[in-house]
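Take a look at the structure set out below.
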Amino acid sequence: MLTRKQKELLDYLTAHAEAHDVPPSFDEMRDALGLASKSGIHRLVSGLEERGYIRRLANRARAIEILKPASNAMGEISRAVASAADAVSLPLLGRIAAGTPIEALSDPSNQLEVPASMLGRGEHFALEIVGDSMVEAGILEGDTVVIERSNTANHGEIVVALIQKQEATLKTLLKEPGRIGLQAENPRYETRYFQTNDVEVQGRLTGLIRKY
């Protein structure tokens, strides 16, 4: 399922392709979506590519091929709603900061039902977002994120990170020689760096739920 920002970008790319012979630049995409920096666009483009909606062509500037139009995204959302009866109950462990880190609550008595289609293999849990530091990745305050439990993640993935065994936050993981960076997707926040053994990955972002 696409996030709201991913759907907005796909709509823009589809409309642009119908009106122009050349795909838009990252600056044009950023301006169209009202984002402050291109880092959020890079992540949205990567998300659309991972989900099979677009393909970036190697060795060609501004080359994006649309594999599935925006109308398919609406069909995907409709199918997800239709299959809500086939739901899985996940532990809603509490709230997690997407801004200044706060302690992650742990209350497995709370449960959240999500469509089974949102989940892959492995164990998952859900957390409610507090703060605005991940807005350019399409993650807003009040959203609920679905997390796959994992103690490892790749550079550039959005993770739940435990800092010095007491503070938990949702950030983009940066792996650099001798240190770990936790990057916000909001230019108002600086990337924070820690010694490698001060940060433990507790899970990777796999889905997002938003109530309107």
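The values are calculated or read from the model by the stated rules, or taken from the named source; none is laboratory data. These figures come from a predicted structure and were not determined experimentally. Neighbour counts are summed over all protein chains in view; Cβ atoms, including those assigned to glycine, are modelled from backbone coordinates with ideal geometry.
Numbers below:
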| read-out | value |
| --- | --- |
| Output for the range 186-210, where each listed residue is in a loop (DSSP other than H, G, I, E, B) and more than 15 Å from the chain's Cα centre (by Cα) | Pro187, Arg188, Tyr189, Glu190, Thr191 |
| Every residue from the range 140-167 that is charged (D, E, K, R) and either in contact with an Asp or Glu (Cβ under 7 Å, 6 or more places away or on another chain) or closer than 15 Å to Asp198 by Cβ (or both) | Glu141, Arg149, Lys165, Glu167 |
| Residue in the range 171-185 that is outside any helix (DSSP H, G or I), more than 21 Å from Lys5 (Cβ to Cβ) and of a type in the set (S, T, N, Q) present | no |
| Yes/no for Asn151 being closer than 17 Å to Arg4 by Cβ and at pLDDT 90 or above | no |
| Residue match in the range 15-24 (condition: out of contact with any strand residue (DSSP E or B) (no Cβ under 6 Å at 6 or more places or on another chain), at pLDDT 80 or above and within 27 Å of Leu174 (Cα to Cα)) | no |
| Residues that are among the charged types (D, E, K, R) and at pLDDT 80 or above, drawn from the range 107-118 | Glu113 |
| Residue list for the range 169-197, filter: under 20 Å from Ser37 (Cβ atoms), surrounded by 13 or more Cβ atoms within 10 Å (Cβ to Cβ) and among the basic types (Lys, Arg) | Lys171, Arg192 |
| Residue in the range 192-199 that is touching a Lys or Arg at 6+ places or on another chain (Cβ under 8 Å) and in contact (Cβ under 8 Å) with a residue 24 or more places away in the chain present | yes |
| Some residue of the range 34-57 being more than 27 Å from Arg188 (Cβ to Cβ) and hydroxyl-bearing (Ser, Thr, Tyr) | yes |
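Listed here are the residues, each with its yes/no results for (1) within 19 Å of His42 (Cβ to Cβ); (2) modelled with pLDDT of 90 or more; (3) in the same structural domain as Ser46 (by TED's automatic domain parsing).
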site	(1), (2), (3)
Gly120	no, no, no
Gly131	no, no, no
Leu162	no, yes, no
Gln166	no, no, no
Lys171	yes, yes, no
Gln183	yes, yes, no
Val201	no, yes, no
